[in-house]
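Below is one structure, written out as structure tokens; the observations come after it.
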Amino acid sequence: MKEFDEAKFRELVLYIADKSAEDPRFGAVKLNKILYYSDFEAFRRLGESITGATYRKLSEGPAPLQMLQQRRVLLDSGAAKLVQRPYFTGTQHRIVAERRPQEELFCSSELKIVDQVINGMWHLTAREASEFSHKELGWQAAQMGEVIPYPTVWLNSGPIPQEAEEYAAEVAVRLGSR
């Protein structure tokens, strides 16, 4: 399992904030979901996450355990600022990048995944992104506050494909004849 990379995590937060600057629905909840889906999709496609962050089950969906500490580093260093503004019936907490992210820390396949996640979630509000993440089997299987293991990205609740059922039946017959 990949070790948590603080620098890469902070740069990814800046990258997402920069790419989401024109998204009026972008705030802390949506940032957490973009990070989660980017890391978990990279694990699924590339064999390891982008940042090595640890994600916990929270009521609004998965969130990186390291977020508050790393956000503080970004704010204290002047790399980002936190803007709070009224949003529907609450307050949106939005990270705004104050400098360009160091994209050279990422390979092109990692950035491609992040861009796809940002684009896929662009139209979602924080509530919609949160509700969407509640459909993830890893989030469903974890208890509140528990870590969501990366391998849960491979869990699927959909129907089993016909060829998989046929193969399983063949294996069962072979094992039964031993």
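Once neighbouring chains are kept in place and the probe is 1.4 Å, which whole percent of the accessible area of the chain is contributed by carbon and sulfur? Could the numbers behind the result be given before it?
Numbers: 5250 of 10110 Å².
Solvent-exposed carbon and sulfur of the chain make up 52 percent of the total.
Strictly over 19 Å apart at the Cα level, which of Lys8/Lys57; Lys81/Lys112; Lys57/Lys81; Lys2/Lys81; Lys19/Lys135; Lys19/Lys81 would you flag in this model? Don't skip to the end; give the middle numbers.
Numbers: Lys8/Lys57 22 Å; Lys81/Lys112 25 Å; Lys57/Lys81 26 Å; Lys2/Lys81 28 Å; Lys19/Lys135 25 Å; Lys19/Lys81 15 Å.
In this structure, Lys8/Lys57; Lys81/Lys112; Lys57/Lys81; Lys2/Lys81; Lys19/Lys135 lie more than 19 Å apart at Cα.
What length, rounded to one decimal in nm, is gained on full extension from Glu22 through to Asn156, with 0.36 nm per residue of separation minus their alpha-carbon distance? Mind showing how you got there, number by number?
Values: separation 134, 0.36 × 134 = 48.24 nm, distance 3.35 nm.
Difference between extended and current length: 44.9 nm.
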At 1.4 Å probe size, with every protein chain present, just tell me what the per residue accessible area of the chain comes to in Å².
57 Å²
FRET efficiency for Glu146 and Arg174, using Cβ-Cβ distance with R0 set to 41 Å, rounded to 0.05
0.60
Residue by residue, what Karplus-based ³J(HN,Hα) values in Hz, rounded to whole numbers, does the stretch 73-83 have, using 6.51, -1.76 and 1.60 with θ = phi - 60° and x for Gly and Pro?
4, 4, 5, 5, 7, x, 6, 8, 10, 10, 10
Quick one: which residues, 5 or more positions from Ala63 or on another chain, have an amide H under 5 Å from its amide H? H modelled 1.01 Å from N in the peptide plane, none for Pro or chain starts.
Arg56, Leu58
Which of Glu41, Glu60, Glu3 is most accessible, then next, and so on - probe 1.4 Å:
Glu3, Glu60, Glu41
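The values are calculated or read from the model by the stated rules, or taken from the named source; none is laboratory data. Keep in mind it's a predicted model, so treat the numbers as computed, not measured. Methodologically, a virtual Cβ is constructed for each residue, glycine included, from the backbone with ideal geometry; neighbour enumeration extends over all protein chains shown. Each accessible area value is taken on the protein alone, full model and side chains, heavy atoms only, with ligands, DNA and RNA left out. Shrake-Rupley method; radii C 1.70, N 1.55, O 1.52, S 1.80 Å.
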